[in-house]
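Taking it in order: structure first as structure tokens, then the write-up.
The values are calculated or read from the model by the stated rules, or taken from the named source; none is laboratory data. Bear in mind that the values here come from a model prediction, so they are computed numbers and not experimental data. Ideal geometry is used to build each Cβ from the backbone, glycine not excepted, and the neighbour counts take in all protein chains shown. Please note that ligands, DNA and RNA were not included when accessible areas were found on the heavy atoms of the full protein model with its side chains. Shrake-Rupley method; radii C 1.70, N 1.55, O 1.52, S 1.80 Å.
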Amino acid sequence: MKLDELIQLISNIAGITVNQSMLADSLGITRQTISNRIKTQSEVTVSEIRRVEEFFKISIFSSVTDDIAYLDYFTDVFASCGIVFSSEKTKLPIPISMISGYSKNKLYSMINASGNSMSPTIDNGDKLIVEHWNGNQIQDNKIYVFCFNNEFFVKRLSKNLDEIIIKSDNPEYRIRTINGKSAAELILIGKIVATVKQLD
């Protein structure tokens with residue numbers, strides 16, 4: 001969910017006209033920060049939704065009961081640092097509006113981001129919502145979580161004939177390619193369809 005969508009949702013639930021200054025007050029940040037985040041299409045965190053609920057004395061999650069997905073959150077899985085998936089998980093309620101292209105027929109889960117290779121799009125500590133791969137082709141320049149050489153990574157992928165191009169959003173990291181038999185060893189876990197930003 002984007003900040004401008006949150007403003008509209010609060011207005012609808014609370015029955016008042018909410019502006020950027022009121023939202024800034026509810027989150028304890030400046031009006032300029034709100035304005036900048038709206039311009040950059042920043043996503044709202046679950047913690048921020050909770051703050052808004054308390055400030056405006058409303059219940060966003062309960063008002064959209066049919067629009068909540070309960071995802072498996074693998075608390076000890078950190079993509080890009082080599083920790084493997086485990087049975088250590090909890091259920092976390094997430095508004096469906098946060099999940100790009102949500103479908104009840106798809107499987108989703110949540111993992112943690114580690115490192116700065118995808119910054120500023122994904123920062124260390126962000127939670128990533130993964131739409132599990134169901135055999136579709138790689139969509140060029142989308143962000144995926146995948147396993148290669150027994151390590152998990154989150155990167156932008158593109159496919160070019162018999163090679164896979166792996167890109168980081170942080171320009172300090174070079175573009176890599178995997179081709180031939182090695183490309184067949186890359187195991188797609190899924191596509192990143194939402195980022196729940198870590199609070200500063």
- Quick one: how many residues across segment 164-198 are within 30 Å of P93 (Cα to Cα), part of a strand (DSSP E or B) and of a type outside the set (A, V, I, L, M)? 3
- Message: Among (1) of a type outside the set (S, T, Y); (2) more than 25 Å from P95 (Cα to Cα); (3) in contact with a strand residue (DSSP E or B) (Cβ under 6 Å, 6 or more places away or on another chain), there is one condition L161 misses while meeting the rest; what is its number?
- Response: (3)
- Message: Please go through (1) in contact with a Cys (Cβ under 9 Å, 6 or more places away or on another chain); (2) modelled with pLDDT of 90 or more for L188 and return the number of the only condition it doesn't satisfy.
- Response: (2)
- Qualifying helices (runs of 4 or more DSSP H) (wholly inside segment 1-105; at least 1 residues being modelled with pLDDT of 85 or more): 3-14, 20-27, 31-39, 46-56
- Message: Given the criterion in a loop (DSSP other than H, G, I, E, B), small (G, A, S), within 19 Å of T40 (Cβ to Cβ) and out of contact with any Asp or Glu (no Cβ under 9 Å at 6 or more places or on another chain), identify the matching residue among G135, G125.
- Response: G125
- Of N149, N112, which residue is on the phi > 0 side of the Ramachandran plot and without any contact (Cβ under 8 Å) to a residue 60 or more places away in the chain? N149
- Item | Options K91, K167, K197, K155; residue that is of a type in the set (K, R) and exposed (fewer than 13 other Cβ atoms within 10 Å of the Cβ) | K91
- Which residues, taken from segment 138-152, are open to solvent by 50 Å² or more (accessible area, probe 1.4 Å) and part of a strand (DSSP E or B)? K142, E151
